[in-house]
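Inspection log for the structure reproduced underneath, given as structure tokens.
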Amino acid sequence: MSTSWRAGCPVPLSELTYLTMTYRGFDGEAHTGEMVVATAVADDVVEVFRQLYAAGFPIARMRLVDDFGGDDDASMAADNTSAFNCRRTTSGSGWSQHSYGRAIDINPVENPYLSDDLVLPTDEFVDRPEAPGVIRDGDACVQAFASVGWSWGGDWSDPVDYQHFSQNGR
């Protein structure tokens, strides 16, 4: 973790866990992905992805944010499902929950972040079409995270963050 973690991050490396997990790709096949999360939530995250795999919920890709130079925008543009990345919130007002390893973004292209006129990473799925990997209220993805007590950013009013799930609802 040479670019996603650095001195000054709000969580030490000793409190993070590296996971490899099997996920169902958009091609319907099994793939192995990588993710770093807070050690305290690692078992819950594994359970969520076990449920997603069993439900056949597709994931575009799952690589470490380090593979994108620690650049959240590049990771989102690549439709990368990820967790830990020591960074500020999009508004810059504080540390993102990703900085603690307690938030996960799922299929960012299909599930954009919306705030006023800002859409990240692309507006292709703003109208929430029926398409693989699009997260909808009450679907297998929302239910899997809810089963471990995590909240969905798609329930927020401003911003609306369809890709985002977090342990504390932020």
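The values are calculated or read from the model by the stated rules, or taken from the named source; none is laboratory data. A quick note: this is a predicted structure, and the numbers were derived from the prediction, not measured. Backbone-built Cβ (ideal geometry, glycine too); neighbour counts: all protein chains shown. We work out accessible area using only protein heavy atoms, side chains counted, and drop any ligands, DNA or RNA first. Shrake-Rupley method; radii C 1.70, N 1.55, O 1.52, S 1.80 Å.
Determine the per residue accessible area of the chain with all protein chains present and a 1.4 angstrom probe, expressed in square angstrom.
I get 45 Å² per residue for this part.
Once Rh for the chain is found with the Kirkwood sum over Cα pairs, what is the Stokes-Einstein diffusion coefficient at 25 °C and 0.890 mPa s, in µm²/s?
This corresponds to a translational diffusion coefficient of 156 µm²/s.
Suppose R0 equals 22 Å; then what is the FRET efficiency for THR90 and ASP137 from their Cβ-Cβ distance, rounded to the nearest 0.05?
E(calc), rounded to 0.05, equals 0.50.
Keeping the other protein chains in place, figure out the carbon and sulfur percent of the accessible area of the chain, with a 1.4 Å probe.
In the chain, the share of accessible area belonging to carbon and sulfur is 47 percent.
Grab the DSSP H runs of the chain that are 4 residues or longer, score each as -39,500 (n - 2.57), total them, divide by all residues and round the 222 nm result to the nearest 500 deg cm²/dmol. Walk me through the intermediate numbers first.
Working: 3 runs with 27 residues, N = 170.
Computed mean residue ellipticity for the chain: -4500 deg cm²/dmol.
Let's test the formula: R0 of 35 Å, r as the Cβ-Cβ distance of SER115 and LEU19. What FRET efficiency results, to the nearest 0.05?
With a Förster radius of 35 Å, E is 0.75.
Let me know the charge dipole size of the chain about its Cα centre in debye, to the nearest 20, where only the beta-carbon of Lys, Arg (+1) and Asp, Glu (-1) is charged.
580
Find, among the trypsin sites (Lys or Arg not before Pro) in region 56-116, those assigned to loop by DSSP (not H, G, I, E, B) with at most 11 other beta-carbon atoms within 10 angstrom.
For trypsin sites (Lys or Arg not before Pro) across region 56-116 that sit outside H, G, I, E and B with at most 11 neighbouring Cβ atoms in 10 Å, the list is empty.
For region 3-46, run through the GluC sites (Glu not before Pro) and keep only the ones in DSSP coil with at most 15 other Cβ atoms within 10 Å of their Cβ.
Taking region 3-46 and a limit of 15 other Cβ atoms within 10 Å, the loop GluC sites (Glu not before Pro) found are GLU29.
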